[in-house]
């Protein structure tokens with residue numbers, strides 16, 4: 001079985017003792033150690049319709065919980081995330097319990113490369129394995145519309161003209177919403193994914209009305225473009 005090592009800053013932790021340990025490490029060393037995890041190759045790509053069929057995402061790497069940016073505590077609305085890959089694509093799943101301010105999922109943005117903070121959304125930062133680190137930011141709302149760009153932090157470069165060929169499915173019910181998304185690895189200038197490749201991934205969410213703040217990520221936030 002092939003595997004791709006997927007690195008995030010740290011995964012969101014639901015165990016209080018583990019979270020306390022990480023915060024202690026951050027205090028003592030100035031930065032939480034980077035976590036490295038393995039995402040397996042999916043035998044069959046998921047159908048991107050916003051509905052989870054039995055077994056469809058079972059083999060994908062999963063994490064639950066969003067840590068509020070800069071507060072180091074979980075936000076009050078549950079979030080479950082999964083990701084996987086095959087020869088040509090990266091796949092992402094977000095299952096988001098509606099926040100207190102998300103009784104109506106606003107869709108102010110309906111065209112790509114626009115952004116409105118008031119829209120409930122998820123955010124995917126992707127940094128492929130390259131000699132000069134570069135990062136791709138992607139914000140997806142429930143319309144769905146995508147704001148995406150290409151960044152090279154060491155050169156101070158941001159290319160707003162970059163466009164990912166995302167395929168997205170969204171489903172809503174009174175309690176939650178689901179976003180399924182896929183993007184070709186070729187969009188990042190990569191011929192494919194090799195066994196043992198290390199990709200840096202940061203998954204985030206904007207959840208209106210969540211406490212202590214509406215934005216957070218699956219890790220303790222230490223960087224975005226420089227993941």
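State the percent of C-alpha pairs, over all pairs in the range 100-172, separated by a distance greater than 21 angstrom. Write out the running numbers ahead of the final one.
Working: 839 of 2628 pairs.
The calculated P(r) of the range 100-172 puts 32 percent of pairs beyond 21 Å.
For the range 83-210, relative contact order (Cα pairs under 8 Å, six or more residues apart, normalised by length) works out to 34 percent.
Here is the P(r) of the range 3-217: all C-alpha pair distances, binned every 5 Å from 0, give 1, 7, 14, 19, 20, 18, 13, 6, 1, 0 in whole percents. Note on residue 165 and residue 117: the extension gain reaches 15.0 nm, defined as 0.36 nm multiplied by sequence separation minus the Cα-Cα distance.
Every number here is computed from the coordinates shown, using simple stated rules; none is lab data. If you're wondering where the values come from, they're calculated on a predicted model, not measured in any experiment.
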